Amino acid sequence: MTEFVLTVDAGITDLRASDHLLQTLAAELALPEGEFGCTHLVRGDRPRVVLSLTLPSQSLLRTAQERLSEQGYEVTGGAPDAVGRAVVYPGVSSLTGTLTVAQVLARSAIDRVTVLGAAGQPAPDARLVTQDHVRPQWTDGELVLTAMPAVGGVLVPFEVPDPTPCCADH
């Protein structure tokens with residue numbers, strides 16, 4: 001199936017704000033089940049986070065482009081790069097609580113789970129405490145979730161929902 005992709009630049013510099021906007025736009029556009037919404041870091045003169053959305057047809061792509069442009073967003077065709085961080089993707093709503101790696105792979109579009117500092121992939125029965133915040137990244141055409149070991153012999157996604165700002169205790 002051919003995917004149609006557009007990029008939305010809202011001038012956002014905050015990852016959390018971009019996640020929220022992406023989820024809001026996906027709901028407003030009634031993004032069909034099975035489509036993707038990703039964030040992408042843009043570096044250079046104007047660092048920011050842009051969003052990409054996949055749509056199943058050219059007509060839905062045109063409609064989304066028109067609606068988003070009318071709302072004042074800068075909208076372009078295609079994805080800004082191939083390494084987006086998935087926020088909206090098939091199965092994301094089922095990744096809550098504690099799941100095994102096998103359940104994560106079976107319930108979602110995630111292709112693979114890796115663990116920081118570990119060779120190979122975790123065992124299918126390894127437990128992942130999702131914290132209801134699972135943000136895999138596109139890597140070489142695969143949607144890969146990076147996890148890390150946590151207390152109690154479980155795994156947690158590398159990206160936490162409420163990160164502590166750098167130097168917060170100084």
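Filtering the stretch 94-126 to residues that are among the small types (Gly, Ala, Ser) and in a loop (DSSP other than H, G, I, E, B) leaves Gly97, Ser108, Ala109, Gly117, Ala118, Ala119, Gly120, Ala123, Ala126. Every condition in (1) at negative phi; (2) modelled with pLDDT under 95 is met by Gly141 except one, and the failing one is (1). Within the stretch 62-93, the set of residues being in a helix (DSSP H, G or I) and under 17 Å from Glu142 (Cα atoms) comprises just one member, Val92.
A single entry from Gln65, Gln58, Gln23, Gln71 fulfils the requirement of being polar (S, T, N, Q) and over 18 Å from Ala10 (Cα atoms): Gln58.
Candidates Gly11, Gly44, Gly34: the one that is part of a strand (DSSP E or B) and either at positive phi or surrounded by fewer than 19 Cβ atoms within 10 Å (Cβ to Cβ) (or both) is Gly11. Pick from Asp111, Asp125: which is charged (D, E, K, R) and out of contact with any Leu (no Cβ under 7 Å at 6 or more places or on another chain)? Going through Asp111, Asp125 in turn, just one is charged (D, E, K, R) and out of contact with any Leu (no Cβ under 7 Å at 6 or more places or on another chain): Asp125.
For the stretch 79-93, filtering for residues that are exposed (fewer than 12 other Cβ atoms within 10 Å of the Cβ) and modelled with pLDDT of 95 or more leaves 0. Answer yes or no as to whether Leu116 is among the hydrophobic types (A, V, I, L, M, F, W, C), outside the structural domain of Thr39 (by TED's automatic domain parsing) and surrounded by 13 or more Cβ atoms within 10 Å (Cβ to Cβ). Considered against the rule, which asks whether it is among the hydrophobic types (A, V, I, L, M, F, W, C), outside the structural domain of Thr39 (by TED's automatic domain parsing) and surrounded by 13 or more Cβ atoms within 10 Å (Cβ to Cβ), Leu116 comes out as no. Considering the stretch 22-31, the residues that are among the hydrophobic types (A, V, I, L, M, F, W, C) and part of a helix (DSSP H, G or I) include one that is surrounded by the most Cβ atoms within 10 Å (Cβ to Cβ), namely Leu22. Screening Val113, Val87 for residues that are touching a helix residue (DSSP H, G or I) at 6+ places or on another chain (Cβ under 6 Å) and more than 23 Å from Thr24 (Cα to Cα) leaves exactly one candidate, Val113.
The values are calculated or read from the model by the stated rules, or taken from the named source; none is laboratory data. Treat the numbers as computed from the prediction; the structure is a model and nothing was measured. All Cβ positions, glycine included, derive from the backbone under ideal geometry; neighbour counts span all protein chains shown.
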